[in-house]
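This report refers to the structure that appears directly beneath it.
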Amino acid sequence: TPFDRSKFWELHLQTRGSLENLVLQECNQNPGEHNIENDQLEIFVCAASVNFRDVLNILDMYPGDPGAPGCEYAGIVRRAGKAVTRFQVGDEVVGLGEGCFSQLLIVNQGDPNVARPRVLLICDLPQI
């Protein structure tokens, strides 16, 4: 199936146990279809890292419930809640979250998010 760039996509883990259980699927959320809270940001994810924790998570070897794979991201703020003061639409940010293997991510302003350092490319940030 050709990749439809008019839609938003996510790497979804069907069941834990194998890297082959990761499938590319259309996001279950689309921009503008949901409200964001006053202190939230909608991020267009440009890059996400796959780290050792994610591999353990996918292979079902991580102790406890690690949540959805994908812990670090770099992206661009698409929407900002009314109470957001640290960022504005168009800002390039890097941060920590859950389920970052998606083109769209909702995060709280108080989560570990920072503006992209200008000396680094956005695609390099999640690796650091």
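If I filter segment 18-26 for residues that are more than 26 Å from Lys7 (Cβ to Cβ) and open to solvent by 60 Å² or more (accessible area, probe 1.4 Å), do I get at least one hit? No: segment 18-26 contains no residue that is more than 26 Å from Lys7 (Cβ to Cβ) and open to solvent by 60 Å² or more (accessible area, probe 1.4 Å). Among the residues of this structure, Gly90 counts as one that is within 21 Å of Ser6 (Cα to Cα), free of Cβ contacts under 8 Å to residues at least 60 places away in the same chain, out of contact with any Leu (no Cβ under 6 Å at 6 or more places or on another chain) and of a type in the set (Gly, Ala, Ser). When residues in segment 45-83 are screened for being over 13 Å from Gly97 (Cα atoms), open to solvent by 20 Å² or more (accessible area, probe 1.4 Å) and in contact with a strand residue (DSSP E or B) (Cβ under 6 Å, 6 or more places away or on another chain), 5 of them pass. Could we say that Arg118 is more than 30 Å from Gly17 (Cα to Cα) and loosely packed, with under 14 Cβ neighbours inside 10 Å here? Here the answer is yes, as Arg118 does meet what is asked. Of the strands (runs of 3 or more DSSP E) entirely within segment 1-105, those holding at least 1 residues that are more than 20 Å from Leu120 (Cα to Cα) occupy 9-13, 22-26, 40-48, 72-80. Taking the residues in segment 1-17 that are of a type outside the set (Val, Ile, Thr), modelled with pLDDT of 90 or more and open to solvent by 40 Å² or more (accessible area, probe 1.4 Å) as candidates, determine which candidate is farthest from Glu98 (Cα to Cα). Residue satisfying both the conditions and the ranking: Gly17.
Listed by first and then second residue, the pairs linking a residue in segment 113-128 that is closer than 19 Å to Gln88 by Cα to a residue that is at pLDDT 75 or above and of a type in the set (Lys, Arg), with Cβ atoms under 7 Å apart and 6 or more places separating them unless they lie on different chains, are Ile122/Arg116.
The values are calculated or read from the model by the stated rules, or taken from the named source; none is laboratory data. Values in this document were obtained by computation on a predicted structure and should not be read as measured data. Because the Cβ atoms are built from the backbone with ideal geometry, glycine has one as well, and the counts that use them run over all protein chains shown. Please note that ligands, DNA and RNA were not included when accessible areas were found on the heavy atoms of the full protein model with its side chains. Shrake-Rupley method; radii C 1.70, N 1.55, O 1.52, S 1.80 Å.
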